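J.: Here it is: the structure, laid out below.
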Amino acid sequence: MSSANGEEDSNQIQGLIRSILLPVILALATLVAGTSGYFLYLPTLTAYRDASTLQLLGEGFFRSLGFLVLSMGTINSAESLALVLLSVGRAAGFLFFFYAALTGVGLVFAKQLQPLRIDAWSAFGHLPGVDERGHVIVCGIGDNGYALATEALKAGRNVVVIDTDRTDRTAGLKEKGAIVFEGDATHTELLAGRARLQQAADVFVTTGSDSTNGAIVETIDRAATGDSWSQVIDVTACIEDRRLRRTLHAETKDTNGIHLQTYDVSEATARELLATTPIDDIDDPNQRVHIWIVGWTQLTKALVSQLLHLMHYPEGIDRKVTIITGGPTEAEQEIMALSPGIDPEWWDEPTMSEFVNVLFPEIDIRPLPASDMELLSDKTPLKETFQHQDKLTIIADDIDERSLRALISTWSPKLDQFAKEFELDAQLMYRSPTEANWTPSLSNIETTTYTAFGNGCSISSVRGEQRDWVARQLALMYHLQYAENPEAILPKQASVPTGKQNDFDEIIEWLMSVSPEKREQYATAVWYDLPEYQRESNRYAADHAAIKHRMAAVFEDVDSMSDRQVIQLLAESEHRRWCAEKILGGWEPLPENQKARWETERGQQMLRDQRYHPDIRPVDALRAEMDGEWDKDISQVKSLLQHPDLVNYYKNP
């Protein structure tokens, strides 16, 4: 934060220097050239033939002051050098006056001129060297809003920022070339009127409030439904509440003028960390996957949610999540608030209770030791959480950076000792400190730092272009396989394969045969058409795709396992992952007395709306009644394993 503030102060100083430097140079040029010219010219006049040097300099100086206000005076005749100097002084004086006049008009009529400047961007966008994509609007200049606006300006984009307050940041952005409006972006007159929303290409909504961000999205939606709306803009909004995200997506789905994308910083950061730093890169099936989460923050809450979705491995691989926090009761309550269905005792049916008991990883919540003595002692109860040769990932996060550093610094020697004693395959991830030179002293544990979004806020990171790349590819594949009329929402393509004529493997092979640009066009069209809950489902499936590849590598080294058996194990883990996703989303198994109703199209839709599904049950109980569906699941897993490039997180969008 201090480095960001330092940059803002530096930008302000540079802007102040630039705003003062030009008029000062023009004034000095006027006075120096004018005084010098008059010094040479005045002795040719009878009245000044006997004047002293000081008198000539003084008279010349005061006469040249007139040049600054367009009082040029008259010169009957003069030597060439005197004439040149006086002409330079007059020209510099004219430029000074013109600059001062424009600056004054700009100050007086600033509010009236800003919308006209945006209109000029649109009118001249077709000229060479001018941004023709439409301007960028950033609503809310906090940490993320400032980073996004700065990135857009550096990329040569025309930027409009809207904030309720005049701050150092808005002043700095103005100095960099942005148009700044001070006001409430939920007001149509400001956002659609003065900020020229309809001429924009991108809008980023980054105020610090979900309700405000939601209201701004609704304002954009109302404006985009007007008869005069003629283009499509990308709207990216920070919304932490998942219900509000789904509501906003549902409300804007039929608005053709906008494409809405939403994100939550903690959730995005958690997904980024788990994708780029694998927690389950084990060597054999007997190794336990163990996660230590230290601290209870918005990020660690999001991490627990992601882990409940992702820690689903072939049967036999042990999993554990240990949460170490100063408020264990609060953590337990908030975990249960994710979904009561994760508690086996919540279910009345014994079969379902037993299934849930083994479906999710074990969660062990421990109090953070209050004293250094307890923290470092061999008698600490935290020691008993370890198991020999654990694949251990420690993720430490704290709102107070100094207390986090102090904890890690104090704990490092003991953690190093435990890693050696238990032969742990251990890694530590912690929030990047402001002081970049600080690192914990660890020899047996690999360390990694992170910031928001994993590697900092950017236009790409808030849009999830990298995070959602695999999810978009999966969504396209499922669309081609299962949609009734997949061609309807795709760009014109005469030979789009469908699941009716092709199996899953053939669809993937066709996708791999088209150019990346064309495939991205198809994926984008499908992604924009999906409701948000289906996008989330594809994200969870995509994030688990890399896990399947890692697990396949583990079991391929087991001599007694055939390829078919490995694929079946992975298909079973995929079914458990899907069941966990449904339960965490509030779904329940279909009651026996509703099965006949499920068979009708209308009845099935109503039951889906009530979040019932017949497949939420153990694989063994499901397999006998699937009528070939299980073979399709195996085929899908097999196809995904055979085409790793299509589900490679690191592939560039």
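The values are calculated or read from the model by the stated rules, or taken from the named source; none is laboratory data. Remember, predicted model here, so these are calculated numbers, not experimental data. Every residue, glycine among them, receives a Cβ derived from its backbone with ideal geometry; neighbour counts consider all protein chains shown. For accessibility, only protein heavy atoms count, side chains too; no ligands or nucleic acids. Shrake-Rupley method; radii C 1.70, N 1.55, O 1.52, S 1.80 Å.
J.: Has the range 245-253 got any residue that is assigned to a loop (DSSP other than H, G, I, E, B), hydroxyl-bearing (Ser, Thr, Tyr), open to solvent by less than 30 Å² (accessible area, probe 1.4 Å) and out of contact with any Lys or Arg (no Cβ under 6 Å at 6 or more places or on another chain)?
T.: Looking for residues that are assigned to a loop (DSSP other than H, G, I, E, B), hydroxyl-bearing (Ser, Thr, Tyr), open to solvent by less than 30 Å² (accessible area, probe 1.4 Å) and out of contact with any Lys or Arg (no Cβ under 6 Å at 6 or more places or on another chain), one finds none in the range 245-253, hence no.
J.: Here's another thing I want to ask about it. Kindly check whether there is at least one residue in the range 341-348 that is of a type in the set (Gly, Ala, Ser) and open to solvent by 10 Å² or more (accessible area, probe 1.4 Å).
T.: For the range 341-348, residues of a type in the set (Gly, Ala, Ser) and open to solvent by 10 Å² or more (accessible area, probe 1.4 Å): absent.
J.: Still on this structure, I have one more. Just checking, does the range 272-285 include any residue being free of Cβ contacts under 8 Å to residues at least 60 places away in the same chain and assigned to a loop (DSSP other than H, G, I, E, B)?
T.: Within the range 272-285 (the criterion being free of Cβ contacts under 8 Å to residues at least 60 places away in the same chain and assigned to a loop (DSSP other than H, G, I, E, B)), the answer is no, since none of the residues qualifies.
J.: Open to solvent by 10 Å² or more (accessible area, probe 1.4 Å) and either assigned to a strand (DSSP E or B) or within 25 Å of MET551 (Cβ to Cβ) (or both), is that true of SER266?
T.: Spelling it out, it is not the case that SER266 is open to solvent by 10 Å² or more (accessible area, probe 1.4 Å) and either assigned to a strand (DSSP E or B) or within 25 Å of MET551 (Cβ to Cβ) (or both).
J.: Continuing with this model, one more query. Residue by residue through the range 374-387, note down the ones that are open to solvent by less than 70 Å² (accessible area, probe 1.4 Å) and either free of Cβ contacts under 8 Å to residues at least 24 places away in the same chain or more than 13 Å from PHE422 (Cβ to Cβ) (or both). Walk me through it before giving the result.
T.: Keep residues of the range 374-387 that are open to solvent by less than 70 Å² (accessible area, probe 1.4 Å), which gives 375-377, 380-383, 385-386.
Matches in the range 374-387: LEU375, LEU376, SER377, THR380, PRO381.
J.: To continue, here is another question. If you take the residues of the range 420-443 that are open to solvent by 30 Å² or more (accessible area, probe 1.4 Å) and at pLDDT 90 or above, which of them is farthest from the chain's Cα centre (by Cα)?
T.: Only one residue tops the list, namely GLU421.
J.: Among the residues of the range 23-77, what is the count of those that are among the aromatic types (Phe, Trp, Tyr), touching a residue at least 40 places away in the same chain (Cβ under 8 Å) and closer than 30 Å to LEU102 by Cα?
T.: So the count comes out to 1.
J.: Only residues that are touching a residue at least 60 places away in the same chain (Cβ under 8 Å), of a type in the set (A, V, I, L, M) and open to solvent by less than 10 Å² (accessible area, probe 1.4 Å): list them for the range 295-314, please.
T.: In the first step, residues of the range 295-314 are kept if they are touching a residue at least 60 places away in the same chain (Cβ under 8 Å); the result is 295, 297, 299-300, 303, 305-306, 308-310, 312-314.
Going one step further and asking which of them are of a type in the set (A, V, I, L, M), we end up with 299, 303, 308, 310.
The answer is LEU299, LEU303, LEU308.
J.: Inspect all residues belonging to the range 2-24 and state whether any of them is at pLDDT 85 or above, assigned to a helix (DSSP H, G or I) and open to solvent by 80 Å² or more (accessible area, probe 1.4 Å).
T.: Checking the range 2-24: not a single residue is at pLDDT 85 or above, assigned to a helix (DSSP H, G or I) and open to solvent by 80 Å² or more (accessible area, probe 1.4 Å).
J.: Return the residue satisfying two criteria in turn: it lies in the range 406-419 and is under 28 Å from ALA452 (Cβ atoms) and not aliphatic (A, V, I, L, M), and of such residues it is most open to solvent (accessible area, probe 1.4 Å).
T.: SER409
J.: Identify the single condition in (1) free of Cβ contacts under 8 Å to residues at least 24 places away in the same chain; (2) exposed (fewer than 15 other Cβ atoms within 10 Å of the Cβ) that PRO531 does not satisfy, given that it satisfies every other one.
T.: Result: PRO531 fails condition (1) only.
J.: Taking into account only those residues within the range 620-653 that are modelled with pLDDT of 80 or more and among the small types (Gly, Ala, Ser), which is nearest to THR277 (Cα to Cα)?
T.: Restricting to residues being modelled with pLDDT of 80 or more and among the small types (Gly, Ala, Ser), the top hit is SER639.
J.: Which residues, taken from the range 45-92, are surrounded by 12 or more Cβ atoms within 10 Å (Cβ to Cβ), modelled with pLDDT of 85 or more and among the hydroxyl-bearing types (Ser, Thr, Tyr)?
T.: SER64, SER87
J.: A further question follows. Residue check, PRO589 against (1) closer than 30 Å to LYS391 by Cα; (2) over 34 Å from the mean Cα position of the chain (by Cα); (3) surrounded by 12 or more Cβ atoms within 10 Å (Cβ to Cβ); (4) not β-branched (Val, Ile, Thr), all met but one. Which one?
T.: The failed condition is (1).
J.: Further question: Suppose we filter the range 388-405 for residues that are open to solvent by 80 Å² or more (accessible area, probe 1.4 Å) and among the polar types (S, T, N, Q); how many remain?
T.: Total meeting the criteria: 1.
J.: While we're looking at this one, here's another question. Can you tell me which residue within the range 455-500, out of those that are open to solvent by 40 Å² or more (accessible area, probe 1.4 Å), over 13 Å from the mean Cα position of the chain (by Cα) and of a type in the set (Lys, Arg), is modelled with the highest pLDDT?
T.: Looking at residues that are open to solvent by 40 Å² or more (accessible area, probe 1.4 Å), over 13 Å from the mean Cα position of the chain (by Cα) and of a type in the set (Lys, Arg), I get LYS492.
J.: Sticking with this structure for a sec: Is it fair to say PRO369 is of a type outside the set (D, E, K, R) and over 30 Å from ILE616 (Cβ atoms)?
T.: yes
J.: If the requirement is being hydrophobic (A, V, I, L, M, F, W, C) and either within 25 Å of TRP347 (Cβ to Cβ) or outside any helix (DSSP H, G or I) (or both), which of these qualifies: VAL554, VAL526, VAL558? Give the derivation first.
T.: Details: VAL554 fails: either within 25 Å of TRP347 (Cβ to Cβ) or outside any helix (DSSP H, G or I) (or both); VAL526 fails: either within 25 Å of TRP347 (Cβ to Cβ) or outside any helix (DSSP H, G or I) (or both).
When all the criteria are applied, what remains is VAL558.
J.: Determine which member of the set ARG577, ARG617 is under 25 Å from ILE335 (Cα atoms), basic (Lys, Arg) and at pLDDT below 90.
T.: The match here is ARG617.
J.: Can you confirm whether ARG271 is open to solvent by less than 30 Å² (accessible area, probe 1.4 Å) and of a type in the set (D, E, K, R)?
T.: yes
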